[in-house]
């Protein structure tokens, strides 16, 4: 009788589950589930404010992907992110208000084009100025953006904020009602977030990601290996500003409102915090970090009076966490997860040794 | 634009130059001794300034100068605390990492200060010891004006900076600072107590910046964003002048307020000047920095491969 | 200043520009050809794996029902044995755990363990405890024997009657035959598909390769023709020529009017006391510094001559010149395999968007180059380290990784900056052997700077000695050793001590 036992190696399902994409998709599925549950029970749970909180998390996670590529792969710090997000939002509002016939795709591409140009500018600047000084210059850039948003009334409606009345595509083209269009946009947002996550992941593992890491660790070695510093620095900035601008468009499309106070240095710092907390090279980490920084107060702690009345507590905690992460846990949550797993394994092995003795 | 207007603009810039010089002195002190760009500098100064206001209104018969000293002391302690608690512990971290730590401090302070000084809006009534007189004088035969407070702040700034430079040059502490700035490890081996030096530098930076904050806030409503603009431009001044030596950033501190005031002059820029002032200043400064990436007075180092 | 050297070589700036363009096209074509050729093998392998996988899946699916039938048809012993085989690992595991637990408990009773539960050194269980353990072991083995007997009894009881057996056998054989038939069918179908796909693909790729090669030939002929018009000829056997190279930093002349030739396929050494400017020479050749004066002519492996001063530092590797660094410059955030892939950076041609979408082309490129990197690592004896980041590895290993990196880039001229620095005797010997092997197997020219005189004299075919940036002597190792100037400046004469160094 030949060995006729069934084999389970090369199980394709198991292999697919281990691929990071399934993790990404499950996050997306969880978010979709929330929205669908809300739709099913007429908005009783989860509340729209909670869903809006998740939408905000997703949008800022997109900014975070770009920022994490810049920080984690290319090792460059730019504090101007908030300005680019705001720019995307305000451009969208301006075009939608003053040129209502323009298709949404055109707005997207237009914002991307502007973001790319600005990204090139910052990239060229970064070639002349070293790392920590670059942070100073981008700090100034962020401040300038804030001033523009605040003062250029014709473009941004100043401190009162800009708003649009209808969500593009879903309200303007498909003619949905306000609540429905927001729900539909939420679903679109989930798809976009997960999609971008996958694309960015691919990029990170390709030769571009490797080239950036080389550039970050040793510019001499990178150049000797044929990596043009000019090209890859610029590319890093292009990617991060494009993501930021794109997120700005999404923000305006979902929330239909933008105010200058929302695009200050604090936003840039919060994004930095989110990326650092999650782990600067990990995309899932960035998503979790964004959730922690932007999501906890809008999603969870709204119900607790202490936190609702004293929003400063969260921000102070985030500041403290940034310091702790930089000082002790450079790898962020991802490192924490790995260390926890490691510690757990060690403890388990220790217990096994205690109970059973060695295995010979 | 007439000569008189030009000179008047320059005179008007003097108080700002004084304030910026104080702030940049603090920044460069911290940078050269601990290789950190302290993004929380503005907020430490704000903390000091708020303390001054608190002291002035809680102890109503206290001389304003005493209040200033109290504020400086508060910022002194806060700066020292940040260095001892955080920067020293993180000594082995890259400068970029230390920068991020200061960003964390920034986030903490910007949220904590309004809570601690909850009633600050009650205290910002100007007038207590605030002299709004205008001093007139002639320069090269042309009439010039300057506010009393402006003159005071400029003089005080010049005096303080002169004292600091004198201390750097002649005192033992100054020698220690210069040694640590050159090479911390070697300085330690030569017996310089770098821990005291760096703590004191952070503290002094905070105190100096508080004086700058005092004059920025005098006569206006106090708000936690008081020093925001100053800090950003203060850092740009340091990059512009160059971090390579102690006097270099002062050059930046001179140039930026001048550019700012000329950029905001309606006679030169038109009626909407105020709207674009910041942006024009930033662009000019940026261009200068791009042309001189190591600062106007800086030097370039070639890495040995 | 640098731009004029091409003109000086070719007398005509247009000719020089044309050459540069031709050269870039040749590079691109060569890369495409390599990728295309590699992808044929790769595709064949992938398709074959795919076929195997599909066949296996069908096989598994069809086996399931047949398995039951087999069990029914087998003899009692066979069936029992099969059942035992399935159950045994689980039971053994449990028994093993029980044994270990009992042993540990006994040890604890006799206080033979430390705080963490490990056996104290040179302690052992008493005889009585050991006896108890042996008893347990015997009991466990008995348990297994009992199970065997039980299973056998069960099997015997469940055997089929003779007619049922016949029917079942017939069914089974039909089932097996059916399975075989279907497998053969599928295999045939898949193989035909694969053949068709492969032929189509191969033809397409080979057509591409033919096209490329013909263009390539055209370009190469054009290049060689243009070299005929050059005013200044580089002899065929010279791969690198420095002519009057000078590099000054401010007022300090680090390299002063240095000229020498490096012959094709040889190992060339540059020696000199510390501070003589050796690393500066390297940096000038590889364009990390732009020389203040002088020309550097280089002959690529197709035979075309370039003036290196016209190129940026990141373009040098494409010409076939790779260098290592004195202070090992590896990327610590990546694994060793990935470090090698960095060297192949210029060989990738997937566009940015293909990388975003991780298209098939990008994946194939990646696989081809990963295979190459694996081969290079095996060649250098580093295959076991491929997935480890270089952090914390011994210095000798790191230097070998740097060397492997140069091989990955397909180098024509390999420049080694103090390869033996920091290595002990054994490692230096291994390095010498490796360098010789590389010279033989890859036909590369090797240019090295080294302080270890033994290594230099042993390895190098020709040596140039410099001091304070100026050339002292050039010749074979024997000639250098006997040269008076060199002796004075560097080696020290026989009756003076080694302290005679300038």
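The values are calculated or read from the model by the stated rules, or taken from the named source; none is laboratory data. Only a predicted model underlies this, so the values are computations on that prediction, with no experimental measurement involved. With ideal geometry, Cβ positions are generated from the backbone for all residues, glycine too; neighbour counts draw on all protein chains shown.
Of the conditions (1) over 25 Å from residue C:271 (Cβ atoms); (2) touching a residue at least 60 places away in the same chain (Cβ under 8 Å), residue C:382 satisfies every one except a single condition; which number is it?
(2)
Do we have residue A:94 as modelled with pLDDT under 85 and either more than 19 Å from residue B:283 (Cβ to Cβ) or touching a strand residue (DSSP E or B) at 6+ places or on another chain (Cβ under 9 Å) (or both) here? Spell out the reasoning first.
Values: modelled with pLDDT under 85: no; either more than 19 Å from residue B:283 (Cβ to Cβ) or touching a strand residue (DSSP E or B) at 6+ places or on another chain (Cβ under 9 Å) (or both): yes.
Here the answer is no, as residue A:94 does not meet what is asked.
Do you know which residues across the range A:131-160 are under 16 Å from residue B:240 (Cβ atoms) and at the interface with chain B (Cβ under 8 Å from one of its Cβ atoms)? Working first, answer last.
Within the range A:131-160, the first condition is being under 16 Å from residue B:240 (Cβ atoms), and the residues that meet it are A:132-141, A:143-144.
Within the range A:131-160, A:132, A:133, A:135, A:136, A:137, A:139, A:140, A:141, A:143, A:144 meet the criteria.
Restricting attention to the range A:108-129, which residues are more than 8 Å from chain B (Cβ to nearest Cβ) and either under 16 Å from residue A:265 (Cβ atoms) or not in a helix (DSSP H, G or I) (or both)? Don't jump to the end; show me each part of the working.
Within the range A:108-129, the subset more than 8 Å from chain B (Cβ to nearest Cβ) is A:108-124, A:126-127.
Listed by number, the list holds a single entry, A:122.
For the range C:178-190, check the following and say yes or no: at least one residue is under 30 Å from residue C:35 (Cβ atoms), in contact with a helix residue (DSSP H, G or I) (Cβ under 8 Å, 6 or more places away or on another chain) and assigned to a helix (DSSP H, G or I).
Looking only at the range C:178-190, we keep the residues that are under 30 Å from residue C:35 (Cβ atoms), and these are C:190.
From what is left, the residues that are in contact with a helix residue (DSSP H, G or I) (Cβ under 8 Å, 6 or more places away or on another chain) are C:190.
With the extra rule that they be assigned to a helix (DSSP H, G or I), the set shrinks to C:190.
Yes - at least one qualifying residue is present in the range C:178-190.
Pick out the one residue from C:339, C:358 that is outside the structural domain of residue C:298 (by TED's automatic domain parsing) and buried (at least 21 other Cβ atoms within 10 Å of the Cβ). Break it down into steps so the answer makes sense when it comes.
Numbers: C:358 fails: buried (at least 21 other Cβ atoms within 10 Å of the Cβ).
Result: C:339 is the single residue among C:339, C:358 that is outside the structural domain of residue C:298 (by TED's automatic domain parsing) and buried (at least 21 other Cβ atoms within 10 Å of the Cβ).
What number of residues within the range C:423-438 are part of a loop (DSSP other than H, G, I, E, B) and surrounded by 14 or more Cβ atoms within 10 Å (Cβ to Cβ)?
Going residue by residue through the range C:423-438, those that are part of a loop (DSSP other than H, G, I, E, B) are C:423-424.
Still in the list and also surrounded by 14 or more Cβ atoms within 10 Å (Cβ to Cβ): C:423.
The total comes to 1.
Conditions tested, residue by residue: (1) part of a loop (DSSP other than H, G, I, E, B); (2) farther than 14 Å from residue C:445 by Cβ; (3) touching a strand residue (DSSP E or B) at 6+ places or on another chain (Cβ under 6 Å).
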site	(1), (2), (3)
C:236	yes, no, no
C:240	no, no, yes
C:246	no, yes, yes
C:260	no, no, yes
C:268	no, no, yes
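Of everything in the range B:225-245 that's part of a loop (DSSP other than H, G, I, E, B) and surrounded by fewer than 20 Cβ atoms within 10 Å (Cβ to Cβ), which residue is farthest from the other protein chains (Cβ to nearest Cβ)? Steps first, answer last, please.
Within the range B:225-245, the first condition is being part of a loop (DSSP other than H, G, I, E, B), and the residues that meet it are B:225-227, B:242-245.
From what's left, surrounded by fewer than 20 Cβ atoms within 10 Å (Cβ to Cβ): B:225, B:244-245.
Values: B:225: 9, B:244: 12, B:245: 16 Å.
Result: B:245.
Under 30 Å from residue C:313 (Cα atoms), assigned by TED's automatic domain parsing to the domain that holds residue A:146, crowded, with 23+ Cβ neighbours inside 10 Å and touching a helix residue (DSSP H, G or I) at 6+ places or on another chain (Cβ under 7 Å): is that true of residue A:236 in this structure? I'd like the intermediate steps shown before the answer.
On the way: under 30 Å from residue C:313 (Cα atoms): yes; assigned by TED's automatic domain parsing to the domain that holds residue A:146: yes; crowded, with 23+ Cβ neighbours inside 10 Å: yes; touching a helix residue (DSSP H, G or I) at 6+ places or on another chain (Cβ under 7 Å): yes.
The answer is yes for residue A:236.
Would you mind finding the one in A:105, A:117, A:129 that is in the same structural domain as residue A:273 (by TED's automatic domain parsing) and within 20 Å of residue A:189 (Cα to Cα)? Spell out how you get there, then give the answer.
Details: A:117 fails: within 20 Å of residue A:189 (Cα to Cα); A:129 fails: within 20 Å of residue A:189 (Cα to Cα).
Answer to the check: A:105.
Just one of the numbered conditions (1) more than 26 Å from residue C:459 (Cα to Cα); (2) away from chain A (no Cβ under 11 Å) is not true of residue C:400; which one?
(1)
Here is a check on your reading of the model: is residue C:349 more than 14 Å from chain A (Cβ to nearest Cβ), under 30 Å from residue A:210 (Cα atoms), in contact (Cβ under 8 Å) with a residue 40 or more places away in the chain and surrounded by fewer than 19 Cβ atoms within 10 Å (Cβ to Cβ)?
Details: more than 14 Å from chain A (Cβ to nearest Cβ): no; under 30 Å from residue A:210 (Cα atoms): yes; in contact (Cβ under 8 Å) with a residue 40 or more places away in the chain: yes; surrounded by fewer than 19 Cβ atoms within 10 Å (Cβ to Cβ): yes.
When the stated conditions are applied, residue C:349 does not pass them.
If I filter the range A:191-214 for residues that are at the interface with another protein chain (Cβ under 8 Å from one of its Cβ atoms) and outside any helix (DSSP H, G or I), do I get at least one hit?
So far as the range A:191-214 goes, yes, one or more of its residues are at the interface with another protein chain (Cβ under 8 Å from one of its Cβ atoms) and outside any helix (DSSP H, G or I).
Please enumerate the residues belonging to the range A:215-232 that are more than 7 Å from chain C (Cβ to nearest Cβ), surrounded by 24 or more Cβ atoms within 10 Å (Cβ to Cβ) and without any contact (Cβ under 8 Å) to a residue 60 or more places away in the chain.
Across the range A:215-232, the qualifying residue is only A:222.
Evaluate the following for residue A:40: is it exposed (fewer than 15 other Cβ atoms within 10 Å of the Cβ), under 22 Å from residue A:195 (Cβ atoms) and either in the same structural domain as residue A:198 (by TED's automatic domain parsing) or modelled with pLDDT of 75 or more (or both)?
Working: exposed (fewer than 15 other Cβ atoms within 10 Å of the Cβ): yes; under 22 Å from residue A:195 (Cβ atoms): no; either in the same structural domain as residue A:198 (by TED's automatic domain parsing) or modelled with pLDDT of 75 or more (or both): yes.
Spelling it out, it is not the case that residue A:40 is exposed (fewer than 15 other Cβ atoms within 10 Å of the Cβ), under 22 Å from residue A:195 (Cβ atoms) and either in the same structural domain as residue A:198 (by TED's automatic domain parsing) or modelled with pLDDT of 75 or more (or both).
Take the residues of the range B:1-48 that are outside any helix (DSSP H, G or I) and away from chain A (no Cβ under 13 Å): which is modelled with the highest pLDDT?
To start, the set of residues in the range B:1-48 that are outside any helix (DSSP H, G or I) comprises B:1-2, B:35-40.
From the residues that got through so far, the ones that are away from chain A (no Cβ under 13 Å) too are B:1-2.
Working: B:1: 66, B:2: 77.
Here the residue is B:2.
Here is a list: C:97, C:119. Which entry is surrounded by 11 or more Cβ atoms within 10 Å (Cβ to Cβ), at the interface with chain A (Cβ under 10 Å from one of its Cβ atoms) and at pLDDT 85 or above? Working first, answer last.
On the way: C:119 fails: at pLDDT 85 or above.
None of the other options fit; the residue is C:97.
Looking at A:78, A:68, which is the one that is in a loop (DSSP other than H, G, I, E, B) and surrounded by 22 or more Cβ atoms within 10 Å (Cβ to Cβ)?
Working: A:68 fails: in a loop (DSSP other than H, G, I, E, B).
The match here is A:78.
Is it the case that residue A:102 is surrounded by fewer than 23 Cβ atoms within 10 Å (Cβ to Cβ) and assigned to a loop (DSSP other than H, G, I, E, B)?
On the way: surrounded by fewer than 23 Cβ atoms within 10 Å (Cβ to Cβ): yes; assigned to a loop (DSSP other than H, G, I, E, B): yes.
Criteria met by residue A:102.
Any residue at all in the range C:209-231 that's modelled with pLDDT of 85 or more and over 27 Å from residue C:304 (Cα atoms)?
For the range C:209-231, residues modelled with pLDDT of 85 or more and over 27 Å from residue C:304 (Cα atoms): absent.
Counting only residues that are in contact with a helix residue (DSSP H, G or I) (Cβ under 9 Å, 6 or more places away or on another chain) and farther than 16 Å from residue B:164 by Cβ, how many does the range B:199-233 have?
Looking only at the range B:199-233, we keep the residues that are in contact with a helix residue (DSSP H, G or I) (Cβ under 9 Å, 6 or more places away or on another chain), and these are B:199-219, B:221-233.
Pick out the ones that are also farther than 16 Å from residue B:164 by Cβ and you get B:199, B:213-219, B:221-233.
Here the count works out to 21.
Each row is one residue, and each column tells you yes or no for (1) within 13 Å of another protein chain (Cβ to nearest Cβ); (2) farther than 28 Å from residue C:262 by Cα; (3) not in a loop (DSSP other than H, G, I, E, B).
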site	(1), (2), (3)
C:341	yes, yes, yes
C:361	yes, yes, yes
C:372	no, yes, yes
C:376	no, no, yes
C:390	yes, yes, no
C:393	no, yes, no
C:396	no, no, yes
C:405	yes, no, yes
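Restricting the search to the range C:276-294, which residues are outside any helix (DSSP H, G or I), more than 12 Å from chain B (Cβ to nearest Cβ) and under 15 Å from residue C:326 (Cβ atoms)?
Scanning the range C:276-294 gives C:276, C:277.
Could you tell me which numbered condition residue B:180 fails, if it satisfies all but one of (1) at pLDDT below 85; (2) crowded, with 18+ Cβ neighbours inside 10 Å; (3) under 14 Å from the mean Cα position of the chain (by Cα); (4) assigned to a helix (DSSP H, G or I)?
(3)
Considering (1) more than 8 Å from chain C (Cβ to nearest Cβ); (2) surrounded by fewer than 24 Cβ atoms within 10 Å (Cβ to Cβ); (3) touching a helix residue (DSSP H, G or I) at 6+ places or on another chain (Cβ under 8 Å), say which one residue A:243 fails and leave the rest.
(2)
When the residues of the range A:328-360 are filtered to those that are outside any helix (DSSP H, G or I), surrounded by 12 or more Cβ atoms within 10 Å (Cβ to Cβ) and within 14 Å of chain C (Cβ to nearest Cβ), which remaining residue is nearest to the chain's Cα centre (by Cα)?
Going residue by residue through the range A:328-360, those that are outside any helix (DSSP H, G or I) are A:329-331, A:357-360.
Adding the requirement that they be surrounded by 12 or more Cβ atoms within 10 Å (Cβ to Cβ) leaves A:329-331, A:357-358.
Among the residues that remain, those that are also within 14 Å of chain C (Cβ to nearest Cβ) are: A:330-331, A:357-358.
Details: A:330: 19, A:331: 17, A:357: 48, A:358: 47 Å.
This residue is A:331.
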